[in-house]
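Input: a single structure, listed below in structure tokens.
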């Protein structure tokens, strides 16, 4: 009986190793390389316009970006100071969905907010679209990043009730340290 158990365990281990080896993960999508410019430490400043849930004023943030092991996702850990809301922390995860041919963004902050967006790149401009919720209202969000150099980009965030007419929400600039 002991020999049968040992033989069974050995065969099971070999089978599991063979199955796991045959199911190696595919390589990360080549589109993810376009996010490489974000790797490192960034600071951002700008102005938020008064709007739903925001009184308006100056904002600032700092973030550290690094690839998660495997290079499928870029992770950002950040600190922010928003007008009327105060200081907080955020974690964001960027990726690429080959089925939708879109970049992905999912973020969670210390104020209990969760956000999800999909992005496209056209030349030096990234456009991220999201659904925003403020005090029971739903709106479309559009975040645009224009890369000026490997160490800077401008940004603006706009809101729209219908996805066609956009109202400015904030504008700023980010700089890599």
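What follows is calculated from the coordinates using simple rules that are stated; it is not laboratory data. If you're wondering where the values come from, they're calculated on a predicted model, not measured in any experiment. Heads up, the Cβs are rebuilt from the backbone with ideal geometry, glycines too, and the neighbour counts pull from every protein chain shown.
A few remarks follow.
- Treating r as the C-beta distance of residue 75 and residue 171 and R0 as 30 Å, the FRET efficiency rounds to 0.70.
- The Stokes-Einstein estimate for the stretch 82-158, based on a Kirkwood radius over Cα pairs and taken at 4 °C with 1.567 mPa s viscosity, is a diffusion coefficient of 93 µm²/s.
- Counted by neighbouring Cβ atoms within 10 Å, the residues 126, 166 run from fewest to most as 166, 126.
- Within the stretch 29-176, the ratio Rg/Rh, alpha carbon atoms throughout and Rh by Kirkwood, equals 0.94.
- Per-residue ellipticity at 222 nm, computed for the chain from helices alone with -39500 (n - 2.57) per DSSP H run of at least four residues, works out to -4000 deg cm²/dmol.
- Each residue in 138, 60 was given a count of other beta-carbon atoms within 10 angstrom of its own, and listing them fewest first yields 138, 60.
- Across the chain, C-alpha contacts under 8 Å between residues 6 or more apart give a mean separation that, scaled by the residue count, equals a relative contact order of 16 percent.
- Contour minus Cα-Cα distance for residue 149 and residue 25 (0.36 nm per residue): 41.3 nm
- For the stretch 85-108, the residues whose backbone nitrogen is under 17 Å from a point 7 Å from the Cα of residue 68, taken along Cα to Cβ, are 90-99, 102-108.
- Förster-model FRET efficiency, 25 Å R0, residue 160 and residue 125, C-beta, rounded to 0.05: 0.90
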